[in-house]
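Each remark here refers to the structure printed beneath this line.
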Amino acid sequence: MKTIVETEKIDPDKSIILHRKTNLRHKLGQLNKHKMLYLISIPGILYFIIFKYVPLMGSVIAFKDYNIFAGIWDSPWVGFKHFEALFVNPDSIRVLKNTLLLSFYDILVFPAPLLLALLLNELRLVIYKRLIQTIVYMPHFLSWVIISGLFIGILSPTTGFVNHFIEWLGHEPIYFMGSEEFIRPILVFTYLWQSVGWGTIIYMAALAGINPELYEAAKVDGANRFHQMIHVTVPAILPTFSILFLLHIGHFLDFGFERVYVFLNPLNQANGDILDTYIYEVGLQNAQYSFTTAIGIFKSIVGLVLLVFANFMSKKISGNSLY
């Protein structure tokens, strides 16, 4: 006897609708499951929308001769006029040069927290390690106004102990804050002094996650403490260093307004002025809003290009990247 099996034909349209309904139920279920997580994320999302994405629409004034009375949309278009002025104006070229030099010096001292963390990791007395960590971390809580006051006093030609020591050596006191040649080293050193403790804590947290068995295996192979640091500690902490460096390189031209402006005066401004302080002086004080907006866009583009390039190179060389 032949058995005839009838196969029911499924309508493709009904299958697609059924699949979509299933996906929708799954998504609604996930949304309901994590609803509290989504609720507490709303303030952060609103912050980025209101203060980050909405102001982007104002960037159009970089391509206009913005008039505060005419408004953004009624101001006349001028194309790349303000971007061209950035590379023609002698003041803006000088400021751009200062910013590039200071940002390059920042990159040179960027490994300092890593080196300090490696040295602290080699300390076996915990009390000394905690004491040094506390001392180097304390400046992180000080504002740049306080830091500038401290260093202006320390470097004072009349009351500063640095100049007292120079006089004790038989030399004339130096007016550090009134000299163009010293303002850049001062800006870099004060930033290093203020930030090295915070960076050290991040690296120390990464070092705490290294498997102790790796050190034990290195000891069995005859490695001393220096070899253990080179062949175990450094490779284990390099991914953290790579990520922090990529985050830093994205702000290459964002040297920081507050950390520079508090040290500036008419005697050192020629070598101390950066794009951020120039934006404040030209944009806010002289009302050249279109020109300074063009500077801000230029800074963002440079940071983006450097970040993409550094991320590509990091992925090729070490396999670590942001995306």
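Looking at the structure I just gave you, is Gly79 within 30 Å of Gly296 (Cα to Cα), under 32 Å from the mean Cα position of the chain (by Cα), modelled with pLDDT of 75 or more and loosely packed, with under 10 Cβ neighbours inside 10 Å?
Against the criterion (within 30 Å of Gly296 (Cα to Cα), under 32 Å from the mean Cα position of the chain (by Cα), modelled with pLDDT of 75 or more and loosely packed, with under 10 Cβ neighbours inside 10 Å), Gly79 qualifies.
Only one of these is in contact (Cβ under 8 Å) with a residue 40 or more places away in the chain, hydroxyl-bearing (Ser, Thr, Tyr) and in contact with an Asp or Glu (Cβ under 7 Å, 6 or more places away or on another chain): Ser314, Ser290. Name it.
On the way: Ser314 fails: in contact with an Asp or Glu (Cβ under 7 Å, 6 or more places away or on another chain).
Exactly one residue qualifies, and that residue is Ser290.
Within the stretch 39-62, can you find the residues that are of a type in the set (Phe, Trp, Tyr) and in contact (Cβ under 8 Å) with a residue 60 or more places away in the chain?
None - no residue of the stretch 39-62 is of a type in the set (Phe, Trp, Tyr) and in contact (Cβ under 8 Å) with a residue 60 or more places away in the chain, so the list stays empty.
Only one of (1) within 25 Å of Leu246 (Cβ to Cβ); (2) of a type in the set (A, V, I, L, M, F, W, C); (3) not in a helix (DSSP H, G or I) is not met by Val136, so which one is it?
(3)
Is it fair to say Leu123 is modelled with pLDDT of 90 or more and out of contact with any Phe, Trp or Tyr (no Cβ under 9 Å at 6 or more places or on another chain)? Quick ask: steps written out before the conclusion?
Working: modelled with pLDDT of 90 or more: no; out of contact with any Phe, Trp or Tyr (no Cβ under 9 Å at 6 or more places or on another chain): yes.
Considered against the rule, which asks whether it is modelled with pLDDT of 90 or more and out of contact with any Phe, Trp or Tyr (no Cβ under 9 Å at 6 or more places or on another chain), Leu123 comes out as no.
The values are calculated or read from the model by the stated rules, or taken from the named source; none is laboratory data. Owing to the predicted nature of the structure, the values given are computational and were not obtained by experimental measurement. So basically every Cβ, Gly included, is an ideal-geometry build from the backbone, and we count neighbours across all protein chains shown.
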